[in-house]
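Chemist: This is the structure, below, for whatever I ask next.
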Amino acid sequence: MIVLSVTALDPGCLAAQSNAVSGRAVGEMTPSFPVLNVTGPHKGKLVCYVCESKGAPVVFAFLPQTGEETASLVIKLNELAQKKDLRIVAVIMAGPGSQPWLEKFADENGITIPLTILRNGKDDIAVNLYKLNPTVSNTILVSAKHKVTANLVNVNAQTFGMLTDAVSRVLSQK
């Protein structure tokens, strides 16, 4: 299984998809950061998916909060993970208060990708480490060999193909 962190593509793609800037730039290292697993085999445990990936591709989807927009994107991310045999980790930045919603959502929708939270919410060190802009809808980073290969901001149903393309490029190089 491959682990992907969701981020923007190359700088040209970033400009085409959104004027907002969030996340580490393409080529930058993906530093280690722990998340609390709300679902999956590591439920209730702290895990560093950057460390666990051992350099394999990972998509990290940083989502500011729960709700309808997040639900739609997580469902698409889950489908992508199943099609590509790829690890995708959804990281809810709002913190521990998101846990009940995530558990219920995962159960009702058959979500198999890890749904995680930042222990300290928007004050978590990962927000600064990953240069996350709290005003954007989401930041998706694709990482391979512990480096950002794509950075996508404000991904939605209309722009989701950019993520699919970024993942396909990374997987074709492994």
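The values are calculated or read from the model by the stated rules, or taken from the named source; none is laboratory data. Computed from a predicted structure; not experimentally measured. Cβ coordinates were reconstructed from backbone atoms using ideal geometry, including for glycine residues, and neighbour counts include every protein chain displayed.
Chemist: If you check Val148 against the conditions, is it of a type in the set (Val, Ile, Thr) and crowded, with 19+ Cβ neighbours inside 10 Å? Step through it out loud before you land on a result.
Modeler: On the way: of a type in the set (Val, Ile, Thr): yes; crowded, with 19+ Cβ neighbours inside 10 Å: yes.
For Val148, the condition - of a type in the set (Val, Ile, Thr) and crowded, with 19+ Cβ neighbours inside 10 Å - is met.
Chemist: Further, regarding this structure: Here is a check on your reading of the model: is Lys122 surrounded by fewer than 21 Cβ atoms within 10 Å (Cβ to Cβ), free of Cβ contacts under 8 Å to residues at least 60 places away in the same chain, among the basic types (Lys, Arg) and farther than 18 Å from Glu52 by Cβ?
Modeler: yes
Chemist: A further question follows. Condition first: part of a helix (DSSP H, G or I) and more than 14 Å from the chain's Cα centre (by Cα). Now tell me which residues in region 61-71 satisfy that.
Modeler: Start the filter on region 61-71 by keeping residues that are part of a helix (DSSP H, G or I), which leaves 68-71.
Listed by number, the residues that qualify are Glu68, Glu69.
Chemist: Right, another one. Mind checking which residues of region 130-150 are part of a strand (DSSP E or B) and in contact with an Asp or Glu (Cβ under 8 Å, 6 or more places away or on another chain)? Even if it seems obvious, please write down each step before you answer.
Modeler: Let us first name the residues in region 130-150 that are part of a strand (DSSP E or B), namely 139-144, 147-150.
Of everything in region 130-150, those that are part of a strand (DSSP E or B) and in contact with an Asp or Glu (Cβ under 8 Å, 6 or more places away or on another chain) turn out to be Lys147, Val148, Ala150.
Chemist: If you don't mind, another one. Out of all the residues in region 28-52, which are part of a loop (DSSP other than H, G, I, E, B), in contact with a strand residue (DSSP E or B) (Cβ under 6 Å, 6 or more places away or on another chain) and in contact (Cβ under 8 Å) with a residue 12 or more places away in the chain?
Modeler: Those that are part of a loop (DSSP other than H, G, I, E, B), in contact with a strand residue (DSSP E or B) (Cβ under 6 Å, 6 or more places away or on another chain) and in contact (Cβ under 8 Å) with a residue 12 or more places away in the chain: Glu28, Thr30, Pro34, Val38, Thr39.
Chemist: May I pose another question? Going through Gly110, Gly95 one at a time, which residue ends up being on the phi > 0 side of the Ramachandran plot and in contact with a strand residue (DSSP E or B) (Cβ under 9 Å, 6 or more places away or on another chain)?
Modeler: Gly95
Chemist: Also, quick follow-up: Go through Ala71, Ala81 for me and flag whichever is touching a helix residue (DSSP H, G or I) at 6+ places or on another chain (Cβ under 7 Å) and not acidic (Asp, Glu).
Modeler: On the way: Ala81 fails: touching a helix residue (DSSP H, G or I) at 6+ places or on another chain (Cβ under 7 Å).
None of the others qualify; the one that does is Ala71.
Chemist: Quick one: how many residues across region 82-119 are farther than 16 Å from Gly44 by Cα, free of Cβ contacts under 8 Å to residues at least 40 places away in the same chain, of a type outside the set (Asp, Glu) and assigned to a helix (DSSP H, G or I)? Before you say what the answer is, go through the steps one by one.
Modeler: First, pick out the residues of region 82-119 that are farther than 16 Å from Gly44 by Cα: 82-88, 93-94, 105, 108-111.
Restricting the remaining residues to those that are free of Cβ contacts under 8 Å to residues at least 40 places away in the same chain gives 82-83, 94, 105, 108-110.
Still in the running and of a type outside the set (Asp, Glu): 82-83, 94, 105, 109-110.
Next, from what is left, pick out any that are assigned to a helix (DSSP H, G or I): 82-83, 105, 109.
Here the count works out to 4.
Chemist: Still on this structure, please answer the following. Mind checking which residues of region 103-157 are modelled with pLDDT under 95 and aromatic (Phe, Trp, Tyr)?
Modeler: none
Chemist: Against the condition closer than 12 Å to Pro114 by Cα, in contact with a helix residue (DSSP H, G or I) (Cβ under 9 Å, 6 or more places away or on another chain) and not aromatic (Phe, Trp, Tyr), how does Val47 come out, does it pass?
Modeler: no
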